[in-house]
Amino acid sequence: MNLADTEIVLGILQNKGFDKTDSANDADVVLLNTCSIRENAEQRIYGRLGNYKNLKGSKPDLIVGILGCMAERLRKNLVEKKSIVDLVVGPDEYRRLPELIDLAYNGDKGIGVKLSKTETYDDIIPHREDGLQAWLSVMRGCDKFCTFCVVPFTRGRERSRSLLSTLHEVKQLSVRGFKEITLLGQNVNSYRDGENDFADLLAACAEVDRSIRIRFTTSHPQDLSDKLLLTIAEHPNLCNYIHLPVQSGSDRILELMNRTYTIDHYQNLIEKARKIIPGVSFSTDIIAGFPTETYEDHVMTLDIMRKVRYDGAYMFKYSPREGTKAYRMKDEVSEETKSKRLHEIIDLQQLISYEKNQELLGTEEIVLVEGLSRKSEKFYAGRTDTNKVVIFPKQNEIVKGSYVKVKLNKATHATLFGDFLDSADISTKNLALTA
Ligand code: SAM
Ligand code: SF4
């Protein structure tokens, strides 16, 4: 999401005549787009500010700005505590950046941290380098207020971008040769544009160009609709992949988190999705050590992982965030216990991913060729529609951005390996499944 926001910021600034440099040493303005979701994300930014302090020593006119969630969360404190910061601009005020940069040039501090109920940057053309993959925000903000999460405070209320402007951007990406588009929102199930919901948006995007794979993230388990599942099954270029964060396997913890679903509901949803979309793969987010989490709660998390058998997971230690409800709960889980539980969760997920990948050996997958493998120029790397990385011997007649059939012959927990079979066409892939 931050990458997509950075492209919007670049689009706004380039419209006003700014250019991008490859190195901070050549820049007049350095902008850091920040995340506040966990403490360590913010710590990294403080580290980076330390580096720019030295640069500013040798270039006193350099403007240093903080954008994004950290700007929203810490506001004026940032300029007061960190003297090298000239600009603090939250996620809904990027249109004012040129004006705020001017202010900073004239010696004032540029601060823009108002949240908006309507800003979607609908009309801004983001600056994107050429490539195969694009990220496209279709919603901003979040109304869910999970008790651990800072997003509703830093990114404001939920609002959707219009379907028409989204389609327009997908068309532009098609003309430029992009092959994979990920639609982004904190909770895409809440997408609305008049009569159209997220399933309508997905279907419309899929129809623009059948050679483009469409992905999306994130779905909240409370309101993943049957219509959305049926839409994924129906359209061959909508990827058979759903990121469905569970956070915890314990109903008691889920309630404390204000996640508004039970594990029973979650499991039923997974079962239903597997029936409607054969071969669908799931990934998830898990938090270890939420306040009051007992060993039994933790075991329930391991249990849901074993039951669902996710293809992948993003796993985190709970990080208390000021201003959230959970921040005021007694944090009874020690750092040591959080780390131990997180390691158990990571170890289990690696084992499950390994086993699931072994089950794929001997099968054929359609892979979007992304380019040479990082480890050897003799191999290509690509991705399945279930978002798994596949490595196979380079074929001279095959170019980056094409789809190929690969027969899998080896796998680790993170990577699949195989032999090239043939070129492939994704526009009919799922038709048999929906017949
Ligand atoms: N909107 C998405 C959803 O609810 O599924 C998640 C967006 S959030 C930016 C990504 C993930 O960060 C969450 O699913 C959660 O697992 C994790 N996260 C959020 N706040 C956290 C916190 N205070 N400590 C640890 N992990 C956190
Ligand atoms: Fe945060 Fe919950 Fe909103 Fe996701 S749904 S962004 S975890 S408040």
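Every number in this text was worked out from the coordinates using simple rules, so none of it is lab data. None of the values given here were measured: they were computed from a predicted structure. Positions of Cβ are backbone-derived with ideal geometry, glycine not excepted, and every protein chain shown enters the neighbour counts.
Overview of values
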quantity: Magnitude of the charge dipole, the range 62-121, Cβ model with Lys/Arg +1 and Asp/Glu -1, debye to 20; calculated: 260 debye
quantity: Most mobile listed residue (GLU255, GLU234, GLU397) in the chain, GNM with C-alpha springs under 10 Å; calculated: GLU397
quantity: Subset of LYS16/LYS171; LYS20/LYS114; LYS16/LYS82; LYS338/LYS407; LYS20/LYS400 violating a 30 Å alpha-carbon distance limit; calculated: LYS338/LYS407
quantity: Within a Gaussian network of the chain (alpha carbon springs, distance under 10 Å), most fluctuating of ASP297, ASP122, ASP26; calculated: ASP26
quantity: Within the chain, helix-based [θ] at 222 nm, where runs of 4 or more DSSP H residues each add -39,500 (n - 2.57), nearest 500; calculated: -11000 deg cm²/dmol
quantity: Under-5 Å amide H pairs with LYS317, H placed in peptide plane, nonlocal only; calculated: ALA288
quantity: Cut-off under 5 Å, modelled amide H: who pairs with LYS394 long-range; calculated: PHE379, TYR380
quantity: Selection from HIS235, GLN222, ILE253, by position along the positive dipole direction of the range 138-296 (Cβ); calculated: HIS235
quantity: Counting DSSP beta bridges with both ends in the chain, the antiparallel % (nearest 5); calculated: 40 percent
quantity: Furthest towards positive pole of dipole, ILE8, CYS35, LEU62, structure part the chain, Cβ charges; calculated: LEU62
quantity: Positive dipole terminus of the range 260-409, leading residue within GLY371, THR284, HIS265 (C-beta point charges); calculated: GLY371
quantity: Point-charge dipole on Cβ atoms (K/R +1, D/E -1) for the chain, about Cα centre, debye to 20; calculated: 600 debye
quantity: Whole-Hz couplings from phi, Karplus 6.51/-1.76/1.60, listed for the range 383-397; x for Gly and Pro; calculated: 9, 7, 6, 8, 6, 9, 7, 10, 10, 8, x, 5, 10, 5, 7
quantity: Unpaired by the 4.7 Å Cβ criterion, cysteines found in the chain; calculated: CYS35, CYS69, CYS142, CYS205, CYS239
quantity: Candidates ALA326, ALA41, ALA71: whichever shows maximal mean-square fluctuation once the chain is modelled as a Gaussian network with Cα springs under 10 Å; calculated: ALA41
quantity: Shape call, the range 111-231: gyration tensor on alpha carbons, a/c limit 1.5; calculated: oblate
quantity: Simple Cβ-charge dipole of the range 327-397, Lys/Arg +1 and Asp/Glu -1, about Cα centre, in debye nearest 20; calculated: 240 debye
quantity: Peptides 329-338, 159-168 ordered by average Cβ neighbours within 10 Å, highest first; calculated: 159-168, 329-338
